[in-house]
Amino acid sequence: MEKVVSGIRPTGNLHLGNYFGAVKSFVAMQSQYQSMFFIADWHSLTTHPKPENIQNSARTILAEYLACGIDPQKAPIYVQSDVKETLELYLYLNMNTYLGELERVTTFKEKARKQPDNVNAGLLTYPTLMAADVLQHRAHKVPVGKDQEQNMEMMRKCARRFNNIYGIEFFPEPQNFYFNATALKVPGLDGSGKMGKSEGNCIYLRDDDKTIRKKVMKAVTDNGPQEPNSKRPEVIENLFTFLKIASTPDTYQYFDEKWNDCTLRYGDLKKQIAEDLVNIVAPIREKIEEYSANTALLDKVAKEGADYARQSASETLNEVRKIIGFRIY
Ligand code: AMP
């Protein structure tokens, strides 16, 4: 059975970008594949979080995963730092990955621009840690958003290079998996490119109805359609992306026609999006509250997940050590 692995950094609460870009795909595929989900707490260290934030965030995200519908019986959930095998593979992969190619990764360049005083080695080797997360389970598919395409390419390069160096077809080349067959970028509603934690423009799964409505109603727009059937500017296309992911096809078509015959009122469009998002988020939020209160369950899920992931990773690492040429006692 094919294996699927995916993860999210616990540097804040889950937002709609995480939900529509990654978690929803994962929930959809958890029964069909041998799946695992992890909370990438090592990855979050690139921004130097405080110890108390790391622990609380891991529990928070765990509650959010469960509320989104990840079933740990089908898809174990683990905390990245509970599986030390990852670090060993990270080291091996780093030995075969070159400075030039890591420096060319767009997310690295962007982060280096945003935090020029903290361009640390962890930031540079972010893609090889991500590769280790997935390759340690010899996974075939990774549900990710469009923003991760280049990191996925690096991951495949790591797998291919290892296989070539040792002349063995050991690691599968993991493929991106998208819920609707195409990569999804959930936009920000502030006119910026994507919804993201560091962009500060997120609608969170914990947001109450009022907050969601307020955020949507504040979305950036323009003066409205000027000519029939014209191309939509980016800020308006962003709103239509939300319609596509949160509303029915009929609703999308209704507003698309209104745009095309220049009768669209942005207020109506925003109200529709806000209500559809509220309907999606409200039941998830209620479940988040229930799970967050049950810390014994959260800790049990994390422990069982860690045992499962450790077993899977140590099987791979035993093979990797033999392939590289280390002595096995
Ligand atoms: P991050 O929150 O950056 O740790 O990302 C965790 C997962 O959510 C990754 O699979 C990302 O591709 C996905 N993701 C985050 N933001 C977005 C977005 N705006 N659109 C689509 N996917 C996203």
I need the shape label for the stretch 151-277. Rule: rounded when a/c is under 1.5, else prolate if a/b > b/c, else oblate, with a, b, c from the alpha carbon gyration tensor. prolate
Amide H contacts of residue 38 (H built 1.01 Å from N, under 5 Å, at least 5 apart or other chain): 6, 7, 8, 78
Whenever you get a sec, compute what percent of the accessible area on the stretch 209-289 sits on carbon and sulfur atoms (1.4 Å probe). 48
Evaluate the stretch 232-329: find the radius of gyration of its Cα atoms, find its Kirkwood radius, and give the ratio Rg to Rh. 1.35
How large is the convex hull of the C-alpha atoms of the stretch 209-289 per residue, in Å³? 84
Which of the listed residues, 95, 145, 262, is farthest toward the dipole's positive end in the chain, when Lys, Arg count +1 and Asp, Glu count -1 at the beta-carbon? 95
Which value, in debye to the nearest 20, describes the size of the charge dipole of the stretch 51-127 about its Cα centre when Lys and Arg Cβ atoms bear +1, Asp and Glu Cβ atoms bear -1, and nothing else is charged? 220
Yeah, the stretch 1-90 with a ≥ b ≥ c from its alpha-carbon gyration tensor (a/c under 1.5 is rounded, else prolate when a/b outruns b/c, oblate otherwise) is oblate
Within the stretch 135-163: backbone nitrogen closer than 11 Å to the residue 194 label point (7 Å, Cα to C-beta): 144-152
Taking only the alpha carbons of the stretch 33-152, what extent do you get along each of the three principal axes, in Å, biggest first? 42, 33, 28
Please state the charge dipole magnitude for the stretch 179-329, taken about the Cα centre, from unit charges on C-beta atoms (+1 on K and R, -1 on D and E), reported in debye and rounded to the nearest 20. 600
Accessible surface, 1.4 Å probe, highest first, among residues 3, 84: 84, 3
For the stretch 1-114, the percent of accessible surface on carbon and sulfur atoms (probe 1.4 angstrom, ligands and nucleic acids excluded) is 51
In Å and from the alpha-carbon atoms only, list the Rg and Dmax of the chain. 21.1, 75
Peptides ranked, highest mean first, by Cβ atoms within 10 Å: ranges 92-100, 203-211, 5-13, 236-244: 5-13, 236-244, 203-211, 92-100
For residue 263 and residue 318 in the same chain, what is the full-extension length gain: residue separation times 0.36 nm, less their Cα-Cα distance, in nm? 13.4 nm
Reference-scaled alpha-carbon Rg (2.2 N^0.38 Å with N residues) for the stretch 97-185: 1.14
The FRET efficiency for residue 84 and residue 165, from their Cβ-Cβ distance with R0 = 30 Å and rounded to 0.05, is 0.80
Of the listed peptides 59-71, 118-130, 307-319, what is their order by residue-averaged count of other C-beta atoms within 10 Å, with the highest listed first? 59-71, 118-130, 307-319
Return the long-range amide H neighbours of residue 194 (sequence gap of 5 or more, or a different chain), with a cut-off of under 5 Å between placed amide H atoms. 188
Helical contribution to [θ] at 222 nm, DSSP H n ≥ 4, -39,500 (n - 2.57), averaged over the chain, rounded to 500: -17000 deg cm²/dmol
Distance in nm between label sites at residue 299 and residue 232, each 7 Å beyond Cα in the beta-carbon direction? 4.8
Treating only the Cβ of Lys, Arg, Asp and Glu as charged (+1, +1, -1, -1), what charge dipole size does the chain show about its Cα centre? Round to the nearest 20 debye. 520
With the dipole of the chain defined by +1 on each Lys or Arg Cβ and -1 on each Asp or Glu Cβ, the option from 46, 187, 23 whose Cα lies farthest towards the positive pole is 46
For the chain, report the accessible area per residue in Å² (1.4 Å probe, heavy atoms, rounded to an integer). 48
Considering Cα pairs under 8 angstrom that are at least six residues apart, work out the relative contact order of the chain and quote it in whole percent. 24
Expressed in nm to one decimal, what extension gain is obtained for the pair residue 96 and residue 282 from 0.36 nm per residue of sequence separation less their Cα-Cα distance? 62.3 nm
Applying the Karplus parametrisation 6.51 cos²θ - 1.76 cosθ + 1.60 with θ = phi - 60° to the phi angles of the stretch 109-119, what ³J(HN,Hα) value in whole Hz is obtained for each residue in order, glycine and proline being reported as x? 4, 5, 5, 4, 6, 6, 10, x, 8, 9, 8
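The values are calculated or read from the model by the stated rules, or taken from the named source; none is laboratory data. If you're wondering where the values come from, they're calculated on a predicted model, not measured in any experiment. Don't worry about glycine lacking a Cβ; one is built from the backbone with ideal geometry, like all the others, and counts go over all protein chains shown. The accessibility values were calculated without ligands, DNA or RNA, using every heavy atom of the protein model including side chains. Shrake-Rupley method; radii C 1.70, N 1.55, O 1.52, S 1.80 Å.
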